[in-house]
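Following: one structure in structure tokens, then a few remarks.
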Amino acid sequence: MNLARAQRVFRNGKLCALVAIALVGAARADTAPPAAGQLEQIVVTAQFRKEKLQTTPIAITALTANTIVERGLTNVTDIGAQVPSTIIQPLGAGWGATMAAFIRGVGLGDNILSFEPGVPIYVDGVYIGRPQGAMFDLLDLQRVEVLRGPQGTLFGKNAIGGTIRLISKKPQGDNTGSMSVTIGNFGRLDARGSYDISLIKDRVFARFAFSSKKADGWFHILDYVCVHGPNSLGTGGPGLPNGPYGVPGGYPGGLPGIHLTSAVGPGGNCQVGTLNNENIQSGRAAFRILTSSNSELNIIADLESQRQEGPADKYTVIDGNNGLNQFWNAAFVAPVYGAGVAWDSRFVTNSMYTNYSSFNDPLAGRSVPNINNMDHWGVSAAFDWDISDNMHFKSITAYRRFWNTFGRDSDGSPLPNNFTYDDSRHRQFTQELRLTGKAGKLDWATGAFYYDAYDSNRGFDVLYPTVIYQHDSYDTQTTKNWAVFTQETEHFTDKFSLTGGVRYTHDEKNALINLTDFFGGVIINNDYVPLTATNTDFTVAADYQWTQNLMTYLKYATGFKGGGFSARPADALQTAPFKPEKLRTWELGEKSEFLDHRLRLNTDVYFSRYLDQQTFTQTTDALGVNWFRYTNAGKAKIWGIEAEVLAEPIDRLQINFSSGYLNYDLYDRESNTLLLINNECGGQRCYSQRTPKLTATAGMQYGILVPGGSLTPRLDAQYQSRIYFTSNNQGEQGGYTLLNGRLTWETESKDWDIALYGRNLTNKEYFAGKLSLVGFFGREQGNP
């Protein structure tokens, strides 16, 4: 099948149609051609050498180009549902173009420049240092490998929960190509294509690919006064007199009363904007140069441009009886907007897909743009050299940059309770050297890695003005990381092998933090926050090939995630750093095939110990200022069971199933007691964020031969159990199932096809993220 058929359908949509044309030839896949009626044998490179998936002693989900197409996967966030114990979602409103990836309860749920991903992405061997800007299009890929569990030896810092590897197609110079177009509801219009060409015969090849995705926003912003009538938000109060910043009852320079009126003319539609549209264009140019008979140079340049509105942002709770909200309403809202006006539940709409946001700050006169814009580009050069038949050298040199600007009306109302705007920038240089080979019965790999990055974030934040703060911030950070590693596998017999590996990492960060108020007051003046850490990771594994179709393995592996400083400090006391966190995992697995290679079953059980876990607490500092603090206060015990099944019981009938069960117990680091946090977790065990106990996916398709081609219906179901998006078991989303369908007609020559497909066919309403601050702020908002 042709990879060009893969198209993304808007998550809240129903049906889309696409037409795909293969200009010449068919897409290649890194698989061994199956015998008639047998499953394809997937080849992976998770240990820096080519191996069959079924003989690699790692819990891996490998998705080939064909699989990506058949299941309609087009973005990194689509992968999570295909992998046991894995959640990959957009982080949501207020965090820009940031990915939240969790494997086996380990990941990252923030975008602050100081925070490290717990599940990093590698693109063609290049480490992506930030989860921001990491929601890549699955453009022209050979395969995707998702490695579960700590991969600290070969993949280093932050590969603590696992890692996601995107491997693109290499140019072959065969003058083949493909093109597809998708149309659908919500104004969906997508296009993508690729072409492979020989530039110099038998010497230089090139491959070009592009993707464009556009769709209208389906979350509606309403004008409150238009909906509820004139004067529904008062007629304006007496205002506030001149007074010092931060002292309730006054405002620097004074503030007149504000009479909010409708921005919509008589008889007009009360909708004044939308959220959650899509407008992304991406491209890649790859050049392959055969420098000699035993060496080649691959140069890849890629670019992604995003010009979008903010993500869908829905308030579920605004508690007007909360003490802080009552105080702000009395000290600010009533004097400025008039008696009877308050920030409360009146701004929680009845629809899952509407709010009353306004995106402007009438106090400081600042615009808060409804945008989530990003430019992300990179270039890499990979040099491969077969030094001898048993020794291979590889160098990967890369440079990447992104720029992400995003604004948010964080209160869901026309009142100026909470606004944020951020301009985040990142650049990184990486260099990795690998030497791999074989000596008798020994497979070995050794190498070195270097990472140098600069990050900055400039923005402003308004929260309960006159009571809490109106801040401008500018933070910068440099990161330097280097590591050396080695890993060896000794095949003592044809059946029994032992693997051992070690990696030493030196990690250094230096941050400068600046914070001022809107009126020139300096709160944090270029505070210097240094953080240096070293770490040694280990891998030890034994595997036994009982038969040609059954392998078992036992593995012990470690990983660590880098430290940083607490998010969004409100004063100099809150810049205290936190240390790296560590994970130790035992894993027992089996990989097997049955029924003459028509049935594949891969299962594993694991037990992990989480040490010095970076945990979030909402507290106050020595000055009594609210503090969103991160500390190394936790440790956890995690165990789980995972299974993946792939079957083709009869010709053209394919069935896939995967599932993961995870148990997560969080302990206090000092007392070693199981945390209930004084019933702050509802009297239940405190659970990790974005960590469902149960995940499962099932799919089935059958190719029906018809005159001139084939007709293939396919159904996919995805389930996840209850999940919490914030700490202390807050921000709950109950369990749910999504149903997707696809019907494809393909010509006998496989040169072109037409498909009709839809996602979320049962119209299930659910949240992909929540920020729950009910206890202190009396609010909860989410991303539907």
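The values are calculated or read from the model by the stated rules, or taken from the named source; none is laboratory data. Small disclaimer: the values here were computed from a predicted structure and weren't measured. Please note: Cβ atoms are built from the backbone with ideal geometry, for glycine as well, and neighbour counts cover all protein chains shown. Heads up: the accessible areas ignore ligands, DNA and RNA and are worked out on the full protein's heavy atoms, side chains in. Shrake-Rupley method; radii C 1.70, N 1.55, O 1.52, S 1.80 Å.
Listed values, structure above:
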read-out: Residues satisfying the stated conditions in region 65-74, i.e. buried (at least 23 other Cβ atoms within 10 Å of the Cβ) and over 16 Å from E145 (Cβ atoms); value: V69, G72
read-out: Every residue from region 600-651 that is farther than 27 Å from G562 by Cα, among the small types (G, A, S) and assigned to a strand (DSSP E or B); value: A643, A647
read-out: Enumeration of residues in region 191-225 that are in contact with a strand residue (DSSP E or B) (Cβ under 8 Å, 6 or more places away or on another chain), under 25 Å from S410 (Cβ atoms) and either aliphatic (A, V, I, L, M) or not in a loop (DSSP other than H, G, I, E, B) (or both); value: A215, F219, H220, I221, L222
read-out: Region 243-261, subset open to solvent by less than 40 Å² (accessible area, probe 1.4 Å) and without any contact (Cβ under 8 Å) to a residue 40 or more places away in the chain, residue nearest to N231 (Cα to Cα); value: G254
read-out: T534 vs. criteria polar (S, T, N, Q) and buried (at least 18 other Cβ atoms within 10 Å of the Cβ); value: no
read-out: Total residues in region 571-587, condition part of a loop (DSSP other than H, G, I, E, B) and either crowded, with 23+ Cβ neighbours inside 10 Å or within 24 Å of the chain's Cα centre (by Cα) (or both); value: 2
read-out: Residue match in region 416-427 (condition: crowded, with 22+ Cβ neighbours inside 10 Å and over 30 Å from C270 (Cβ atoms)); value: yes
read-out: Condition met for F725 (buried (at least 20 other Cβ atoms within 10 Å of the Cβ), more than 19 Å from the chain's Cα centre (by Cα), modelled with pLDDT under 95 and closer than 30 Å to Q326 by Cα); value: no
read-out: Residue in region 379-415 that is nearest to L297 (Cα to Cα), counting only those that are open to solvent by less than 40 Å² (accessible area, probe 1.4 Å), outside any strand (DSSP E or B) and not aliphatic (A, V, I, L, M); value: S410
read-out: Yes/no for A541 being outside any loop (DSSP other than H, G, I, E, B) and touching a Pro at 6+ places or on another chain (Cβ under 6 Å); value: yes
read-out: Region 252-283 - residue that is hydrophobic (A, V, I, L, M, F, W, C) and outside any loop (DSSP other than H, G, I, E, B) and, of those, nearest to M374 (Cα to Cα); value: I280
read-out: Near pairs, Cβ below 9 angstrom, 6+ apart or cross-chain, from region 215-235 (open to solvent by less than 20 Å² (accessible area, probe 1.4 Å)) to any residue that is in a helix (DSSP H, G or I) and among the small types (G, A, S); value: G234/A334
read-out: Any pair with Cβ under 7 angstrom, 6 or more apart, that starts in region 409-430 at a residue that is farther than 30 Å from V317 by Cβ and ends at one that is among the hydrophobic types (A, V, I, L, M, F, W, C); value: R425/W403; H426/F402; H426/A453; R427/A453; Q428/A453; T430/V126; T430/A398
read-out: Out of D137, D196, sole residue that is open to solvent by less than 10 Å² (accessible area, probe 1.4 Å) and either free of Cβ contacts under 8 Å to residues at least 24 places away in the same chain or among the acidic types (D, E) (or both); value: D196
read-out: Inter-residue pairs, beta-carbon under 7 Å, first over 14 Å from A382 (Cα atoms) and in region 283-294, second open to solvent by 40 Å² or more (accessible area, probe 1.4 Å) and of a type in the set (K, R), 6+ apart; value: none
read-out: Residue ID - modelled with the lowest pLDDT, chosen from residues in region 552-570 that are hydrophobic (A, V, I, L, M, F, W, C) and more than 23 Å from the chain's Cα centre (by Cα); value: A570
read-out: Search result, residues across region 75-109 that are among the charged types (D, E, K, R) and either in a loop (DSSP other than H, G, I, E, B) or crowded, with 24+ Cβ neighbours inside 10 Å (or both); value: R104
read-out: Residues that are open to solvent by 30 Å² or more (accessible area, probe 1.4 Å), modelled with pLDDT under 95 and either at positive phi or in a strand (DSSP E or B) (or both), drawn from region 32-64; value: A32, Q41
read-out: Strands (runs of 3 or more DSSP E) completely within region 736-784 that count 1 or more residues being in contact (Cβ under 8 Å) with a residue 12 or more places away in the chain, over 19 Å from G310 (Cα atoms) and open to solvent by 10 Å² or more (accessible area, probe 1.4 Å); value: 736-747, 752-758, 770-773
read-out: Qualifying residue in region 116-132 (condition: acidic (D, E) and modelled with pLDDT under 95); value: yes
read-out: Answer residue from region 292-312, given it is out of contact with any Lys or Arg (no Cβ under 9 Å at 6 or more places or on another chain) and assigned to a strand (DSSP E or B) and is farthest from N783 (Cα to Cα) among those; value: S292
read-out: Count of residues meeting criterion [of a type outside the set (A, V, I, L, M, F, W, C) and not in a loop (DSSP other than H, G, I, E, B)] in region 153-190; value: 13
read-out: Neighbours by Cβ (under 6 Å, 6+ apart or cross-chain): first from region 115-133, touching a residue at least 40 places away in the same chain (Cβ under 8 Å) and assigned to a loop (DSSP other than H, G, I, E, B); second buried (at least 23 other Cβ atoms within 10 Å of the Cβ) and charged (D, E, K, R); value: E116/K561; G118/K561
read-out: Members of region 717-735 that are in a strand (DSSP E or B) and of a type in the set (S, T, Y); value: Y719, Y724, T726
read-out: Unmet requirement for A567, which otherwise passes all of (1) open to solvent by 10 Å² or more (accessible area, probe 1.4 Å); (2) under 21 Å from V106 (Cβ atoms); (3) not in a strand (DSSP E or B); value: (1)
read-out: The one condition in (1) assigned to a strand (DSSP E or B); (2) touching a Gly at 6+ places or on another chain (Cβ under 9 Å) that H597 fails to fulfil; value: (1)
read-out: Hits in region 594-619 - residues which are surrounded by fewer than 22 Cβ atoms within 10 Å (Cβ to Cβ) and acidic (D, E); value: D596, D612
read-out: Qualifying position, being modelled with pLDDT of 95 or more and surrounded by fewer than 18 Cβ atoms within 10 Å (Cβ to Cβ), among G500, G520; value: G500
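Residue-wise test of (1) surrounded by 19 or more Cβ atoms within 10 Å (Cβ to Cβ); (2) part of a loop (DSSP other than H, G, I, E, B); (3) among the polar types (S, T, N, Q).
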{"site": "A330", "(1), (2), (3)": "no, no, no"}
{"site": "V336", "(1), (2), (3)": "yes, no, no"}
{"site": "V341", "(1), (2), (3)": "yes, yes, no"}
{"site": "R346", "(1), (2), (3)": "no, no, no"}
{"site": "N350", "(1), (2), (3)": "no, yes, yes"}
{"site": "M374", "(1), (2), (3)": "yes, no, no"}
{"site": "W377", "(1), (2), (3)": "no, no, no"}
